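Undergrad: A single structure is presented below for examination.
The values are calculated or read from the model by the stated rules, or taken from the named source; none is laboratory data. What you see is a predicted model, and the numbers here were worked out from it, not measured in a lab. Note that we place each Cβ from the backbone using ideal geometry, even for glycine, and neighbour counts take in every protein chain shown. Remember, those area values only see protein heavy atoms, side chains included, never the ligands or the DNA or RNA. Shrake-Rupley method; radii C 1.70, N 1.55, O 1.52, S 1.80 Å.
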Amino acid sequence: MMTRPTKVASILTVTAMLISLSSSETPAACSVIQGLPGLNGRDGRDGTNGLKGDPGVRGEPGPQGERGSPGQPGKVGPKGNSGEKGNAGVGGLPGSKGQKGDNGVGLQGLPGQKGDKGNSDASLSPKITSLESRVAAIERMFTTFKNAVLFARGSSSGNKVFVTSGKTMNYMESNEMCTKAGGRVATPLNADENRAILQIAQYYNIFPFLGITDLQTEGTFRYENGESIKYSNWNLREPNQDGEEDCVEMYSSGKWNDKKCQEQRLNICEFF
Ligand code: MAN
Ligand code: CA
């Protein structure tokens, strides 16, 4: 592309050549030479704005929006009307026996009135169905609750649940703590219960006193209820009453040793 000054210069050169050429011709022969095209004009100025166009055609509906978040719960509704009278309840337990009356001579009374008609099977059936589903719901809640307790710091064997407070204390304090909680100091009645107690102790790496002592009769180990023990897991050469040893501790092996009740051991209680 030729720049504007170069283009002007070449046009001037050609024009000069043509003039000198025409002047070197014989003056008698006169002729007309057509001029070159002029330069491009400048760009025009911006015009004024045009008129506003007509409104466009309405577009298609857009796709459906996303689902909104749930609203706040509504207010509690008004109290419903009273239901119909329910079926007769189950009879209560027999009352306690009355005191012996004075001897007397009386006439035999008249026969009593005929009793009310008992509930038929048909009227009991919906009640039983409702009770069954409520019992099933309680069983599910109980299982969940038991799992929660065991998960935290417990173990179980059969229906027995062993739970530790995670605290160490002497035998009397442990006994008091378990009793206040509605249980007893952990008392293994068989190898599996012994295992369940050991499981908690190993987790804490602190070992417990068991609910067994010979405080009542030296040399006879008993449960808290006074019964002599029916299952034991003594370590070799135990119990040896080394000094004064009336309580029973569990070793990390699960074996038992008689030990001073004032020692500090892990509190583990049993329930059920
Ligand atoms: C210590 C105490 C006793 C136990 C012996 C076993 O002396 O724990 O209770 O019998 O060790 O060697
Ligand atoms: Ca001992």
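Undergrad: Give me the pairs: first residue in the stretch 135-153 and open to solvent by 70 Å² or more (accessible area, probe 1.4 Å), second residue part of a helix (DSSP H, G or I), beta-carbon distance under 9 Å, and six or more apart or on different chains, which are they?
TA: That search, which allows pairs on different chains as well, returns 153/200; 153/203; 153/204.
Undergrad: Can you pull out the strands (runs of 3 or more DSSP E) entirely within the stretch 160-272 that have at least 1 residues that are open to solvent by 60 Å² or more (accessible area, probe 1.4 Å) and within 16 Å of ligand 2 (Cβ to nearest atom)?
TA: Once the strands (runs of 3 or more DSSP E) in the stretch 160-272 are filtered for at least 1 residues that are open to solvent by 60 Å² or more (accessible area, probe 1.4 Å) and within 16 Å of ligand 2 (Cβ to nearest atom), what remains is 209-217.
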